[in-house]
Each structure stands twice: as structure tokens, then as C-alpha cells.
Amino acid sequence: MPTANATPNILISAAGEDAAWKKALVERLPKANIVTGDESYDPETIDYAMFWKQPQGLIKTLPNLKAIFSLGAGVDHVVSSPSLPTHLPVIRLEDAGMADQMVQYHLYAALHFMRDFDAYSTQQAGANWVQHDVARISKCRVGVMGLGALGSAVATSLSNLGFSVSGWSRSMKAIDGITTYAGQETLAEFLGQSDILICLLPRTPETENVLNSTTFSFLPKGAAIINAARGAMITEADLLRALDTGHLRGAFLDVAVTEPLPESHPFWDHPKIRITPHIAAATRFEESADQIADNIVRIGNGEAPRGLVDRQIGY
């Protein structure tokens, strides 16, 4: 159990999961004063804030924060706030039990296309019993955009299963068994050899709408898309067009620009799209609370926290 050299005051605003986060933090920091957004507290006394989809304007009411902790895989909901002070550290979760879940999701989604389950689903609707040749897994080329903790885990697991895997990221990464690319100048080459494209990029101004008509055109005809990052990565109208023209084979989507996905949205009944409701990886309270408690102790002891976000690049 970590021990702090002071009694921190902590505010939790976690989109309806405040009580679960508070329980996990109290067990790890029993001497801390921990409140949720619906409890009474003095904003000027709050040292640390734990946020997931926090109310607009909440940050500017907390003048004496030492750090903000993001309670999910992304940090865009915090760093995009116009009231976020430039000096204030933002700390992200590092894996926190999400990597295994992401691996499971992407294994399923990749095999959905590699083993032609998308085609068999269409055949079932028409009572059409037709067998397809089983492709060699080593001939199926998977490209992973984003090689952070989650992307690297997914790429490695797919490679270990036998897929031919390459990865693309902002800066060069070295991963055993993975051919890696970096920078905008290599994107077209990377996409050109991705029969299945997985997007696990962080959301930043540079990555919004990165999957659009231009980038789709670089993919081989018949390629498939898997997106479990953020809905804003995809220009939705361009995706529909690429599917309808036959350039793309299908899409497996866990995220959308607007969530929950509106009932009238064309994704729901598109025959080439599979939808899941943002469930690829759930934040685990226990593992996450361990990291947060450890970092609060580190900051209290004058040490650098783990998972510090680079505000210049947005993750």
C-alpha cells in the first residue's frame, strides 16, 4: 500500500461511476479526503481531480489543482478543455487492464474478416450454403495505426497468431516481429499493404478524420477497417462511400462520432458494418486505482508521475 506524505484532497467526476472510483481510491489512500461531484466540497482545497467526461467548465472552478487524472484510455476530454491551465499536469492511465481486452476484441474482429465470417453472415440471411477457401493467415496483412501500449499489444498478439503485421505511428517504434513505419511520408506505403486496417491512434487535432476518402484510396481494394480508438478518426460519409462503391470490404466499429450512436444512423443497418457499443476495453477500477494512488504518492514526495501526458502532442 502506497503512503503519502500529506493528506490529499481528491475530486472524482466520472460520468456516473463516481462511487466505484471512490471506493477503489479509499481502499488505497485511506487518509485522503475524497469527494464526488455530487457531494459538498470547497473547490479551492482540491489537490487532484479524476475525470472522465467531466462537466464543461468544471476545471476552471478548481484553482489549486496539482494534477488531473484521466480515467480512460484517452485524454482528449481533458486536454481539449479551453480552461485547462497550461502548467497543469495531465496524467493518463497506462494499460490498467485494458490491453488484454483490446487484444481479445481485435483478434475477434480480424478473424471475422480473415475467415470470411462477414460473407457467411450475408449468406445466412439468404439461406445460401456456399463454402469459401480458408485463406492462409500468413497471407493476411494487418496494419495497426498507433503503437502505444494498446496498439503494440494488439500488433504483437496478431503477429504471434500468424498474421503478417505492420505498424504506423507518429515516431518510429521497434517491435519484435512487426514492420514499423513512422511519419506522414510513410503513411501511403503502410496503408497500401494493409488488408485489414486497425486504428488505435490517440485523438489529437492531427488524427481527427485521418481515415477519409484519401487514406481509404491508399488501401488495397477489398480492405477492411477496424476502429476501436475514437469515432472522430473516421470521416463517416467517406467510409459509407468507400463501402458502397466496393473499395472497402467492411468495417468493424466500436466507436462513433456521436455516442450513443443515434437510432437513425446509417451505420446500424449497413450490411458491411458491424457495430459494438464502445466495449472493446473497459477501464478496470482496481488496476487503475493502483496507478492513481501510486502517482499521487509520487507527486506528494516530489517525484515525477508515470503516464504524464505530453501536452504538445496531446497524449
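A short reminder: the numbers here are calculations on the coordinates, not readings from a lab. If you're wondering where the values come from, they're calculated on a predicted model, not measured in any experiment. Ideal geometry is used to build each Cβ from the backbone, glycine not excepted, and the neighbour counts take in all protein chains shown.
Can you list residues whose amide H is under 5 Å from residue 50's amide H, if they're 5+ apart or on another chain and H is modeled 1.01 Å from N?
Excluding prolines and chain starts, which carry no amide H, the hits are 11, 12, 13, 69.
Can you give me the long-range amide H partners of residue 182? Hydrogens built in the peptide plane at 1.01 Å from N, cutoff under 5 Å, separation of 5 or more residues or another chain.
Those lying under 5 Å, H to H, from residue 182 are 169.
Could you pull out every residue, at least 5 positions away or on a different chain, whose amide H is within less than 5 Å of the one on residue 225? Hs are placed 1.01 Å off N in the peptide plane, and Pro or chain starts have none.
197, 250, 251, 252
Given C-alpha coordinates of the chain, what is the ratio Rg to Rh with the Kirkwood estimate of Rh?
Here Rg/Rh amounts to 1.02.
Among the listed pairs 53/272; 139/173; 139/221; 31/53; 173/272; 221/272, give every one whose C-alpha distance is greater than 21 Å.
Table pairs above 21 Å Cα-Cα are 53/272; 139/173; 31/53; 173/272.
Can you compute the charge dipole magnitude of region 90-148 about its Cα centre, using +1 on each Lys and Arg Cβ and -1 on each Asp and Glu Cβ, nothing else charged? Give it in debye, rounded to the nearest 20.
That gives a dipole near 200 debye.
Enumerate the calculated ³J(HN,Hα) couplings along region 299-304 in order (Karplus 6.51 cos²θ - 1.76 cosθ + 1.60, θ = phi - 60°), each rounded to whole Hz, writing x wherever the residue is Gly or Pro.
5, x, 8, x, 9, 6
Can you pull the one-decimal nm distance between simple spin-label points at residue 123 and residue 94, each 7 Å off the Cα toward Cβ?
In this crude label model, residue 123 to residue 94 measures out at 4.7 nm.
In debye, nearest 20: dipole of the chain around its Cα centre with unit charges on the Cβ of K, R (+) and D, E (-)?
With only Lys, Arg, Asp and Glu charged at Cβ, the dipole is about 500 debye.
How much length, in nm to one decimal, is gained on full extension between residue 137 and residue 257, taken as 0.36 nm per residue of separation minus their Cα-Cα distance? Please report the intermediate quantities before stating the final value.
Values: separation 120, 0.36 × 120 = 43.20 nm, distance 3.21 nm.
Answer, rounded to one decimal: 40.0 nm.
Starting from the Cα gyration tensor of region 98-275, take the square roots of the eigenvalues, sort them a ≥ b ≥ c, and report rounded, prolate or oblate (rounded when a/c is under 1.5, otherwise prolate if a/b is larger than b/c, else oblate).
On the way: a/c = 1.59, a/b = 1.19, b/c = 1.34.
Oblate, because a/c is 1.5 or more while a/b does not exceed b/c.
Residue by residue through region 45-61, what is 3J(HN,Hα) from phi via Karplus (6.51 cos²θ - 1.76 cosθ + 1.60, θ = phi - 60°)? Round to whole Hz and write x for glycine and proline.
My calculation for region 45-61 gives 8, 6, 8, 9, 10, 10, 10, 9, 6, 5, x, 4, x, 5, 4, 5, 8 Hz in order.
Please state the charge dipole magnitude for region 98-275, taken about the Cα centre, from unit charges on C-beta atoms (+1 on K and R, -1 on D and E), reported in debye and rounded to the nearest 20.
With Lys and Arg at +1 and Asp and Glu at -1, about 360 debye.
Please report Rg over Rh for region 1-126, where both radii come from the alpha carbon positions and Rh follows the Kirkwood definition. Intermediate results must be reported in sequence, preceding the final value.
Values: Rg = 19.9 Å, Rh = 17.1 Å.
Here the Rg-to-Rh quotient is 1.17.
What is the distance in Å between the Cα centres of region 97-117 and region 227-298?
Region 97-117 and region 227-298 have Cα centres separated by 14 Å.
Using alpha-carbon pairs under 8 Å, 6+ residues apart, how would you state the relative contact order of the chain in percent? Mind dumping the intermediate values first?
Values: 572 pairs, mean separation 56.3, N = 315.
This gives 18 percent for the chain.
Would you calculate, for the chain, the mean residue ellipticity at 222 nm contributed by helices, counting each DSSP H stretch of 4 or more residues as -39,500 (n - 2.57) and dividing by all residues, to the nearest 500?
On the way: 9 runs with 90 residues, N = 315.
After summing the helix terms and dividing by the residues of the chain, the value is -8500 deg cm²/dmol.
Give the shape of region 245-284 as rounded, prolate or oblate, defined through the alpha-carbon gyration tensor: a ≥ b ≥ c are the square roots of its eigenvalues, a/c under 1.5 means rounded, and otherwise the shape is prolate if a/b is larger than b/c and oblate if not.
Working: a/c = 2.90, a/b = 1.54, b/c = 1.88.
Verdict is oblate for region 245-284.
Per residue Cα convex hull volume for region 51-120, in cubic angstrom?
Details: hull volume 8.3 nm³, N = 70.
Considering the Cα atoms of region 51-120, their hull volume per residue is 118 Å³.
Given points 7 Å out from each Cα along the Cα-Cβ axis, report the residue 160 to residue 19 separation in nanometres with one decimal.
3.8 nm
Of 273, 67, 143, which is farthest on the positive side of the dipole of the chain, counting Cα position, with +1 on Lys and Arg Cβ, -1 on Asp and Glu Cβ, and the Cα centre as origin?
143
Compute a Gaussian network model of the chain, connecting alpha carbons closer than 10 Å, and tell me which residue from 249, 170, 136 fluctuates the most.
Top of the fluctuation ranking is 136.
Got a sec? Charge dipole of the chain, +1 on Cβ for Lys and Arg, -1 for Asp and Glu; which of 224, 186, 315 is way out at the positive end?
186
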